[in-house]
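*Asks:* Pasting in a structure now, in C-alpha cells, and then I'll have a few things to ask.
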Amino acid sequence: MRIDNLVLPILLASSMTTVAADDAKLAPAPEGAFTIAVIPDTQAYRGQKIKSDENGDEVVRNPIFQTITGWIVENREPQNIVFVSHVGDIVDKNVPEQWAEARQCMDPIHGVIPYGMTVGNHDMASSGDSSLFQKHFPASRFKDFEWYGGSFHPDRPDPAVSGNNANSYQKIRAENIDLLFLHLECNAPDDVLAWADEIMDSHPMHRVIVTTHMDLGPIARPKTNQGYISDPKGRMNWKKRHAKRGNTAVQMWEKCFKKHKNLLLICSGDQRRSQTMHVSARGDHGNVVHSCLSDYSSDGSVRLYRFLPQENRVDVITYNADQGDLTRTTTLVPDEQEHQFSFACSM
C-alpha cells in the first residue's frame, strides 16, 4: 500500500517481519506473552433502525459483534488477552436501538476483561454530542473496577459533548509491565488533548496505548469513493466531527501524541476502504510511535497485538472470529503483510 505523508517520514521496513499464517490456525500465546484485543468498527447491524431499513419492525441485532466478543472471552486464557479496546463506530446509526444492542454485545466482556471504548463519528452528532454513548457506557458503569482510571470532565455544565466517559483511561499490569490505555473520541478537541497530556505526564513509567477513531487513511479528504483506495495514505489531515473545535489526526499528533516519550502505539479504525495500515514516526524524545489502522467492514475480524517482552517484539495478528481462521472475507488489501506482521518494541 502506498503511504505518503510529510508528517510521518519513518517507516519501519527494517524492523517489520511477516507473521506466518501456519495453515490459517491461531496458535496459543507463548509463555511470557500477553495479548491486547482490538475490535474494529462494528457497523453490521440488522433489523429496524438501520440505514437500509429505517422503518422495519425486526429486532435490532449484530451477530458479528456478538461473535467477536464471544470469541475474545472464550480465548482469553489461551491467548492471554489482558485488555480489549474498541476503535469506535460502535454503532452504524446513532439511535437507542443500536446502542442497546451494542451494550448487550459488550456485556460478555464486562467484568471479565478490562476494556475501553472509543467514540467514532457514527457514535455522535456532528457537533460532538455523544449523549447516547454516555447513556449506555457511562463512567458509572466502570467506576468500581480497579483498572478504570477515570474520564475527561469538560469545564461546562452539559457533558453531552466530550463528557461522561467519552474520553477515558484504564491501567493494567501485564508480565511486570505497567500499561495505560487512553480512549479519545473522534477528532478530540483541544481541552480533551490537554487532559490526555496530563494523564500521560502523570504516568511516566507506564507504556501508553492510545485508541482514537480517526488516525490513518487518505491524507486529504477523498473527492470520490475511488480516492479512498488510490489517494496517498498516512496520518489524516481532515476531520468529520466537532466542527471548528475538532482536531485532525495530524493536529492530534502535533499537539499531543508526539510530545510523550512513553507513548508506544496508536490504534484506529474508520477507514474500511483502506482496511489496514502500519506507520511509525519518532516523537520529540526520539521514541518510535507505531500507528495501526484496522477496519474490516464488520467481516468478523479482530486485531490481536501479541506482546513478547522477552523478545522486544509485538506480533500483529488479524483473526477472523466468524470464520475461525486467519483469513478475511474482505480483500481490498490483499497483501498478507498488511494483515499479519511484527514490529520491534522495547518494553
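*Asks:* Pull up the stretch 243-267, narrow it to residues that are touching a residue at least 40 places away in the same chain (Cβ under 8 Å), among the polar types (S, T, N, Q) and closer than 12 Å to A188 by Cβ, then point me to the one that is surrounded by the fewest Cβ atoms within 10 Å (Cβ to Cβ).
*Replies:* T248
*Asks:* What is the one condition in (1) out of contact with any helix residue (DSSP H, G or I) (no Cβ under 7 Å at 6 or more places or on another chain); (2) closer than 30 Å to A33 by Cβ; (3) touching a residue at least 60 places away in the same chain (Cβ under 8 Å) that H122 does not satisfy?
*Replies:* Of the numbered conditions (1) out of contact with any helix residue (DSSP H, G or I) (no Cβ under 7 Å at 6 or more places or on another chain); (2) closer than 30 Å to A33 by Cβ; (3) touching a residue at least 60 places away in the same chain (Cβ under 8 Å), the odd one out for H122 is (2).
*Asks:* Another question about this same structure. What number goes with the only condition from (1) touching a residue at least 40 places away in the same chain (Cβ under 8 Å); (2) over 24 Å from D92 (Cα atoms) that P154 does not pass?
*Replies:* Every listed condition holds for P154 apart from (1).
*Asks:* Could you list all residues from the stretch 206-233 that are out of contact with any Asp or Glu (no Cβ under 6 Å at 6 or more places or on another chain), closer than 22 Å to E254 by Cα and not acidic (D, E)?
*Replies:* Correct list: R207, V208, I209, V210, T211, T212, L216, G217, I219, A220, R221, K233.
*Asks:* Looking for something farther than 25 Å from V302 by Cα, of a type outside the set (A, V, I, L, M, F, W, C) and out of contact with any strand residue (DSSP E or B) (no Cβ under 9 Å at 6 or more places or on another chain) - is there at least one such residue anywhere in the stretch 99-118?
*Replies:* no
*Asks:* Collect the residues in the stretch 229-241 that are surrounded by fewer than 23 Cβ atoms within 10 Å (Cβ to Cβ) and not basic (K, R), keeping them in residue-number order.
*Replies:* I229, S230, D231, P232, N237, W238
*Asks:* Next up: How do the pairs read when you match residues in the stretch 210-225 that are farther than 17 Å from T276 by Cα with residues anywhere that are at pLDDT 95 or above and loosely packed, with under 15 Cβ neighbours inside 10 Å, using Cβ under 8 Å and keeping only pairs 6 or more apart or on different chains?
*Replies:* From the stretch 210-225, no pairs qualify.
*Asks:* Mind checking whether some residue in the stretch 75-85 is assigned to a loop (DSSP other than H, G, I, E, B) and modelled with pLDDT of 95 or more? Quick ask: steps written out before the conclusion?
*Replies:* Let us first name the residues in the stretch 75-85 that are assigned to a loop (DSSP other than H, G, I, E, B), namely 75, 80.
With the extra rule that they be modelled with pLDDT of 95 or more, the set shrinks to 75, 80.
There is at least one residue in the stretch 75-85 that is assigned to a loop (DSSP other than H, G, I, E, B) and modelled with pLDDT of 95 or more.
*Asks:* Take the residues in the stretch 280-315 that are surrounded by fewer than 23 Cβ atoms within 10 Å (Cβ to Cβ), farther than 24 Å from A33 by Cβ and of a type outside the set (G, A, S), then tell me which one is nearest to the chain's Cα centre (by Cα).
*Replies:* The selected residue is D299.
The values are calculated or read from the model by the stated rules, or taken from the named source; none is laboratory data. A quick note: this is a predicted structure, and the numbers were derived from the prediction, not measured. A quick note on method: Cβ atoms are made from the backbone with ideal geometry, for glycine too, and the neighbour counts reach across all protein chains shown.
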